[in-house]
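As structure tokens, the structure follows; a few thoughts come after it.
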Amino acid sequence: MQPWSEAQESLYGEQTRLTLENMTFSGVPLSRYPAYLRAAAQVKAACARANARAGLLPPEKAEAIEAACRQIGSGRYDNQFPVDVYHGGGGIGINMNLNEVIATLAGGDVHPVNDVNCSQSTSDVCHTSLRLALLEGLETLDEEIHLWVEQLEELARRFDPVPTIARTCWQDGMQISAGALFSATASAIARQRKELRRWRETLHEINLGWTVIGDGTGAPKAYREQILPALRAVTGRALTWQENLLDAAEYPDDVAAVSAAVTRLSQILAKFSRDLRLLSSGPDTGLREMQLPAVQAGSSFFPGKVNPVLPEMMIQCAMLIEGSDGIIQRAVGLGEVHINLWEELMGFLLLESIDRLRAAMERLRVRCVAGIVLNEDVCRKYAAARIPQIVAYKETYGYAYLSKRIKAEGLEAVTADLQRNPLPHGGER
């Protein structure tokens, strides 16, 4: 077999060109998602191997297809995948783009449908490729989450000795450690990490081998007996079939569950980022409890003004993720009868959210959070405010007595009086 020559203009064929002509609108090509291309190449390689073992594909063709898939997996030909990831047809353009490029790279008389797509459908190929790509993305995100927890716990230990004031409903509360915010956030992120890991496990359940609607039509039994072992060998993952393969074609709610967990993590980080903006506000009229690293000019108008641009980046990232999640959750219920055609829409939105979140988290952690400096004098000043003192008196004199006096005399007068003239227990003088 003669492989494709570099002199050829493109590796893809007529079906890819038709997808480009008919269904391109978003400006988001498949080439933007190398993790998906790596996953899809693994799926196609496993299918070729299983077809050869089942006697459905000549060994030399299967070997040529596998070799082509390895080349695609290397990233060398990413630019040969121009189809719009958000086109209609349940991902048909994606699968045909893959089939045509693989067939061209394999060379000889390898046919994109008869050989590369043997025993497969767009439905089970894209379903499985998507989950493999999501697994890779979530594993990378998990590493960043781990670094975040470590960083926040270190800051919590460092700032723990410094007292400041808690705020509830943006009013003064009781005294609290300046490290409490970081400790609580570390705990919340660690909890979301567990949740993401739990849902990540469900993505190991795939439907490759059961074709369009999950009943296996078009995939011979001999092939189905070989496909899972072949896919496990190619990917190194402990993949299994979903318990109900018809369910797998109709309800991609596992993708929606992962998206919800990713969104919750982004919301926690957005809340933390808003806290950083407020607590570092100033320099003269804000809270000024902490100082964030100055990474760049904050204004083209105010000389010397430094804005919290990195926390604001994270807040924007979370808003984008929440918007995508809204589409993903709605798409679960937009499937019709025996297939959900919007699974690819859900999947690529989620892949984008995972990539965005990981990138934003890394930048915020490295360029901002790691360099936070506490203004200890300001924190201690806030810790000595009146409300924390009244809260301390409450344990001795009771809520009712203090409330009555504050209403009649004012907070400042009561605090000053009790500092000068402590009362017996119960508040009677």
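The values are calculated or read from the model by the stated rules, or taken from the named source; none is laboratory data. These numbers were taken from a predicted model, which means no experiment stands behind them. Glycine also receives a Cβ, built like all others from the backbone with ideal geometry; neighbour counts cover every protein chain displayed. Heads up: the accessible areas ignore ligands, DNA and RNA and are worked out on the full protein's heavy atoms, side chains in. Shrake-Rupley method; radii C 1.70, N 1.55, O 1.52, S 1.80 Å.
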TODO: Test ILE189 against the stated conditions and say whether it is touching a Gly at 6+ places or on another chain (Cβ under 7 Å), β-branched (Val, Ile, Thr) and open to solvent by less than 40 Å² (accessible area, probe 1.4 Å).
DONE: no
Open item on the list: Please count how many residues of region 357-378 are closer than 19 Å to ASP160 by Cα, among the hydrophobic types (A, V, I, L, M, F, W, C) and open to solvent by less than 50 Å² (accessible area, probe 1.4 Å).
Closed with: 5
Open item on the list: Within region 231-263, take every residue that is open to solvent by 30 Å² or more (accessible area, probe 1.4 Å) and in contact with a helix residue (DSSP H, G or I) (Cβ under 6 Å, 6 or more places away or on another chain) and give me the one that is nearest to GLY73 (Cα to Cα).
Closed with: VAL234
TODO: Being surrounded by 16 or more Cβ atoms within 10 Å (Cβ to Cβ) and over 20 Å from ASP115 (Cβ atoms) is the filter here, so list the residues in region 217-230 that pass it.
DONE: LEU228
Task: Residue among LEU105, LEU134, LEU98, LEU130 that alone is more than 24 Å from the chain's Cα centre (by Cα), part of a helix (DSSP H, G or I) and within 27 Å of LEU345 (Cβ to Cβ) - done: LEU98
- [ ] Identify the single condition in (1) under 30 Å from PRO283 (Cβ atoms); (2) without any contact (Cβ under 8 Å) to a residue 24 or more places away in the chain; (3) within 34 Å of the chain's Cα centre (by Cα); (4) open to solvent by 70 Å² or more (accessible area, probe 1.4 Å) that LYS381 does not satisfy, given that it satisfies every other one.
- [x] (3)
- [ ] Only one of these is over 17 Å from the mean Cα position of the chain (by Cα), at pLDDT 95 or above and surrounded by 18 or more Cβ atoms within 10 Å (Cβ to Cβ): ILE206, ILE176. Name it.
- [x] ILE206
TODO: Look through ALA50, ALA46, ALA40 and report the one residue that is closer than 23 Å to ARG224 by Cα, more than 29 Å from the chain's Cα centre (by Cα) and at pLDDT 95 or above.
DONE: ALA50
- [ ] Look through region 162-186, keep the residues that are assigned to a helix (DSSP H, G or I) and not β-branched (Val, Ile, Thr), and return whichever of them is farthest from ASP142 (Cα to Cα).
- [x] ALA180
Task: Contacts under 8 angstrom Cβ, first residue in region 317-332 being closer than 13 Å to SER266 by Cβ, partner charged (D, E, K, R) and open to solvent by 20 Å² or more (accessible area, probe 1.4 Å), 6 or more apart - done: CYS317/ARG356; LEU320/ARG356; ILE321/ARG356; SER324/GLU352
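Here's the yes/no breakdown for (1) open to solvent by less than 50 Å² (accessible area, probe 1.4 Å); (2) small (Gly, Ala, Ser):
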{"residue": "GLU312", "(1), (2)": "no, no"}
{"residue": "ILE315", "(1), (2)": "yes, no"}
{"residue": "GLU322", "(1), (2)": "no, no"}
{"residue": "PHE348", "(1), (2)": "yes, no"}
{"residue": "SER353", "(1), (2)": "yes, yes"}
{"residue": "ARG386", "(1), (2)": "no, no"}
{"residue": "TYR401", "(1), (2)": "no, no"}
Task: region 36-56, residues that are at positive phi and open to solvent by less than 10 Å² (accessible area, probe 1.4 Å) - done: none
Task: Filter pass, ASN117 being in contact with a Ser or Thr (Cβ under 6 Å, 6 or more places away or on another chain) and either open to solvent by 10 Å² or more (accessible area, probe 1.4 Å) or not in a loop (DSSP other than H, G, I, E, B) (or both) - done: no
Task: Which numbered condition GLY91 fails, given (1) under 18 Å from VAL125 (Cα atoms); (2) crowded, with 23+ Cβ neighbours inside 10 Å; (3) modelled with pLDDT of 95 or more - done: (3)
TODO: Under 7 Å between Cβ atoms, at least 6 apart or on separate chains: pull out the pairs that start in region 403-424 with a residue that is of a type in the set (S, T, N, Q) and end on any residue that is open to solvent by 100 Å² or more (accessible area, probe 1.4 Å).
DONE: THR415/ARG386
Open item on the list: Pull out all pairs, ordered by first then second residue, where Cβ-Cβ is under 7 Å, the residues are six or more apart or on different chains, the first lies in region 222-234 and is touching a residue at least 24 places away in the same chain (Cβ under 8 Å) and under 12 Å from GLY209 (Cα atoms), and the second is open to solvent by 50 Å² or more (accessible area, probe 1.4 Å) and in a helix (DSSP H, G or I).
Closed with: GLN226/ARG53; ALA230/ARG49
Open item on the list: It is to be established whether one or more residues within region 289-302 are open to solvent by less than 30 Å² (accessible area, probe 1.4 Å) and assigned to a helix (DSSP H, G or I).
Closed with: no
Open item on the list: So, in region 187-211, how many residues would count as being touching a strand residue (DSSP E or B) at 6+ places or on another chain (Cβ under 7 Å) and assigned to a loop (DSSP other than H, G, I, E, B)?
Closed with: 2
